[in-house]
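Single-structure report; data block below.
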Amino acid sequence: MAGTLKLVTWNTCGIRDTADVEQKKNKIGQRLHELQASVAFLQETHIGINDVSHVENIRGWKPFYSVHHPRSKGVAILIKNDLPFEHIKYDIDPTGSYIVIICKLYGKCFTLVNVYNHAKEHKVLQCLSEYLCQTAKGVLIVAGDFNTVLRRDALQSFKQLVATRHTHFCNFLS
């Protein structure tokens, strides 16, 4: 029986508590619950090697995440615990820029991708598109913070910039 998936993508600017936001991880979990999310794609999680408990202990969610630096980058895909989910494959970019999960949700094959393309990086999207051409299975869902214009016709002033920096990825999405 097929179910409904509600996807949420969110640049969290870190999931650890800050001076401005206490109990940030709990607030993120509460908001995802309010949104009735099935799958959450979080960018800029800022998870370093000593911070993994911040993403592993979000109540009600099965986390898949990259570990990079506690002050930058990092992505996570959270799968709601009560979702019919079967893990097939999980890959992480070593720079913390993206993760890919090949799985079954409600018995249907999906490739879930979450990417954080830092504005100063120029190869992440090209590497990701080349990787996905080789490995993606089933329904492909790409979410994230791209920090770029993906439609070349959207903003005329950025047309040349996009054409030279992210052509391969834009073509892949087409």
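Counting Lys +1, Arg +1, Asp -1, Glu -1, what net charge surrounds Ile99 among other residues with beta carbon under 10 Å of its beta carbon?
Values: positive: none; negative: Asp91, Asp93.
Combined, the nearby Lys, Arg, Asp and Glu give -2.
Using a 1.4 angstrom probe and counting only protein chains, how large is the accessible area of Val67 in Å², to 10?
Ignoring ligands and nucleic acids, Val67 comes out at about 60 Å².
Please get the size of the charge dipole for region 40-95, origin at its Cα centre, with Cβ charges of +1 on Lys and Arg and -1 on Asp and Glu, quoted in debye to the nearest 20.
Values: 6 positive and 7 negative charges, 19 e Å.
Charge dipole, region 40-95, about its Cα centre: 100 debye, nearest 20.
For region 29-41, take each phi angle, set θ = phi - 60°, evaluate the Karplus expression 6.51 cos²θ - 1.76 cosθ + 1.60, and give the result in whole Hz per residue in order, putting x for glycine and proline.
Ordered by residue, 3J(HN,Hα) equals x, 4, 5, 5, 5, 4, 7, 6, 5, 9, 9, 10, 10 Hz.
Give a residue-ordered list of calculated ³J(HN,Hα) values for region 141-147 (Karplus: 6.51 cos²θ - 1.76 cosθ + 1.60, θ = phi - 60°; whole Hz; x for Gly, Pro).
10, 10, 10, x, 10, 8, 6
Leaving ligands, DNA and RNA out of it, work out the accessible area of Leu140 with a 1.4 Å probe and give it in Å² to the nearest 10.
Only protein atoms counted, so the area is about 70 Å².
For a protection proxy built on the mean count of beta-carbon atoms within 10 angstrom, sort 120-126, 9-15 highest first, please.
Working: 120-126: 15.7, 9-15: 18.3.
Highest to lowest by the protection proxy: 9-15, 120-126.
Please find the FRET efficiency linking Val139 to Lys62, where r is the Cβ-Cβ separation and R0 is fixed at 25 Å, and quote it to the nearest 0.05. List each step's numbers first, then the result.
On the way: r = 19 Å, r/R0 = 0.76.
Calculated value: 0.85.
Put Phe146, Phe41 in order of accessible area, largest first, 1.4 Å probe: what do you get? Mind showing how you got there, number by number?
Working: Phe146 35, Phe41 5 Å².
My answer, sorted largest first, is Phe146, Phe41.
Given labels modelled 7 Å from the Cα in the Cβ direction, how far is it in nm from Arg31 to Tyr106?
Between Arg31 and Tyr106, the label points sit 2.6 nm apart.
With each pseudo-label sitting 7 Å past Cα toward Cβ, what's the Asn50-Glu121 distance in nm, one decimal?
Going from the Asn50 label point to the Glu121 one covers 2.4 nm.
Would you please classify the overall shape of region 18-88 from the alpha carbon gyration tensor, given that a ≥ b ≥ c denote the square roots of the eigenvalues, rounded means a/c under 1.5, and beyond that prolate means a/b larger than b/c while oblate covers the rest? Each step should come with its number before you reach the end.
Numbers: a/c = 2.15, a/b = 1.29, b/c = 1.67.
Taking the square roots of the gyration eigenvalues as a ≥ b ≥ c, region 18-88 is oblate.
The values are calculated or read from the model by the stated rules, or taken from the named source; none is laboratory data. It should be emphasised that the depicted structure is a prediction, and the values quoted were computed from it without experimental measurement. Methodologically, a virtual Cβ is constructed for each residue, glycine included, from the backbone with ideal geometry; neighbour enumeration extends over all protein chains shown. Heavy atoms of the whole protein, side chains included, go into the accessibility calculation; ligands, DNA and RNA do not. Shrake-Rupley method; radii C 1.70, N 1.55, O 1.52, S 1.80 Å.
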